[in-house]
Amino acid sequence: MKKNWFEDKVKKFSSIGGYQKPELIQDAVKLDSNENYVISKQFQNDILSSAKKNSDIREYPLGGVERLIATISEFVKMPSSMIGVGNGSDQILDLILSNFASSQTKVLTSNPTFGFFEERCKLYDVPLIAIPFLDNMKLDIKDFLKQSEKADILYLDSPNNPTGFQFTKNDLQKLVKSFDGLIIIDEAYGEFGEYSLANMVKTQENLIVVQTVSKSFGMAGLRLGYFIASKKFTTAFMNVLQYPYPLSTLSIESGIEALQKPTIMRNAVDEIKTERKRIIETLKNYDSFKVFDSKANFVLFDAHGSYKRVYSALTEQGISIRKLGKIGDHDGCLRVTIGTKEMNSKFLLAIRDLLG
Ligand SMILES: Cc1ncc(COP(=O)(O)O)c(C=O)c1O
């Protein structure tokens, strides 16, 4: 019966966990979602005011995406014809998966990988070949090269969320060159890392490099992601797969304003990297923690048996971090976003009060 078919589908979808958002804690020191508070509220207010002046929301944003793409093109120094946009990089990843992947296409990735990506693979019944992180939260490129024959799609977040790991440029380039399926390199945290693979897109037609303003520009609420890929893929994506108006007028205009001020972003990224070093070094002073190196705007550490206690004690003091639990051989993983100096000091002080 037709009705049963619908009910079965709803039942199947209900059985999938879906992406787990962090707990909503009022007025928290928010270090749970890899957002960027080093970019000031004033900067964002100025951007929004200018964007508002250029917006008429009675109209569909006809021509807006094209102007935004021209600005991104200058920012990433790649031709406009090789740039596409989406409602957050989440939506770009989802559109690629829903149109190119199926139960017949195997995705090679790491375990763990970006949670949203993994959830969407579950939704579309896409099988994963997931290479686990080693004891020191590193990956071995040889494992990927070995498995690459069996996979149709390669997805890597570089740097990886939640570990902060990034392959050396040489290693990742080697893997990308040898893989002949579809390659998605997710550089959501690219600005905090060591390098970008965006340039490889010029010579490698099967490569899509996905980036976002959510992390580096501190504009997660804008929902603005973009990708760099071959002209052929980009044209098909933007003309056929993407919605006619994927971004709101305010997102388009704000994106254009922000991307013209890269120095503000670069200064914030530098400050976050300095603070990342301070957090890693301070956390390493506690024998009860194992702290992992990070190339992103967050730090992963294993608090072993006491991770739930550490998480709850921080929550009680209004400090929200991410509780992850078991990752590989590490059973008490917590992930803390690098915030402003003040936010980070509050976090470190609370840890000292608890364990010091
Ligand atoms: C690896 C990775 N990719 C993509 C995203 C999503 O970014 P956006 O805000 O552009 O949708 C995130 C957000 O946490 C992420 O961690």
Is it true that Ser288 is away from the ligand (no atom under 16 Å from the Cβ), outside the structural domain of Leu197 (by TED's automatic domain parsing) and without any contact (Cβ under 8 Å) to a residue 60 or more places away in the chain? no
It is to be established whether one or more residues within the range 138-151 are polar (S, T, N, Q), within 26 Å of Asp270 (Cα to Cα) and out of contact with any His (no Cβ under 6 Å at 6 or more places or on another chain). no
Output the residue which, of all residues in the range 139-160 that are of a type outside the set (A, V, I, L, M, F, W, C) and in a helix (DSSP H, G or I), is nearest to Lys177 (Cα to Cα). Ser148
Where the second residue is surrounded by fewer than 24 Cβ atoms within 10 Å (Cβ to Cβ) and acidic (Asp, Glu) and the first is part of a helix (DSSP H, G or I) and lies in the range 297-315, which pairs have Cβ atoms under 7 Å and are six or more apart or on separate chains? His304/Asp331
With exposed (fewer than 14 other Cβ atoms within 10 Å of the Cβ), within 16 Å of the ligand (Cβ to nearest atom) and not small (Gly, Ala, Ser) as the only criterion, which of Lys41, Lys77, Lys21, Lys53 stands out? Lys21
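Among the candidates Ile272, Ile279, Ile256, which residue alone is closer than 20 Å to Ser158 by Cβ and in a helix (DSSP H, G or I)?
Exactly one residue qualifies, and that residue is Ile272.
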Only one residue in Glu316, Glu281, Glu271 is at pLDDT below 95 and surrounded by fewer than 17 Cβ atoms within 10 Å (Cβ to Cβ). Which one? Glu316
For the range 7-27, how many residues meet the condition of being part of a loop (DSSP other than H, G, I, E, B) and in contact with a helix residue (DSSP H, G or I) (Cβ under 8 Å, 6 or more places away or on another chain)? 7
Only residues that are under 24 Å from Asp270 (Cα atoms) and within 16 Å of the chain's Cα centre (by Cα): list them for the range 168-191, please. Ile185, Asp186, Glu187, Ala188, Tyr189, Gly190, Glu191
Within the range 125-138, residues within 19 Å of Gly18 (Cα to Cα) and either within 16 Å of the ligand (Cβ to nearest atom) or assigned to a helix (DSSP H, G or I) (or both) come out as Leu128, Ala130
Can you name every residue in the range 178-206 that is away from the ligand (no atom under 16 Å from the Cβ), assigned to a loop (DSSP other than H, G, I, E, B) and crowded, with 21+ Cβ neighbours inside 10 Å? Phe179
Conditions (1) away from the ligand (no atom under 12 Å from the Cβ); (2) under 17 Å from the mean Cα position of the chain (by Cα): number failed by Ser158: (1)
Would you pick out the residues in the range 1-36 that are of a type outside the set (D, E, K, R) and touching a Pro at 6+ places or on another chain (Cβ under 8 Å)? Ser33
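The values are calculated or read from the model by the stated rules, or taken from the named source; none is laboratory data. All values reported here derive from a predicted model rather than from experimental measurement. Note that we place each Cβ from the backbone using ideal geometry, even for glycine, and neighbour counts take in every protein chain shown.
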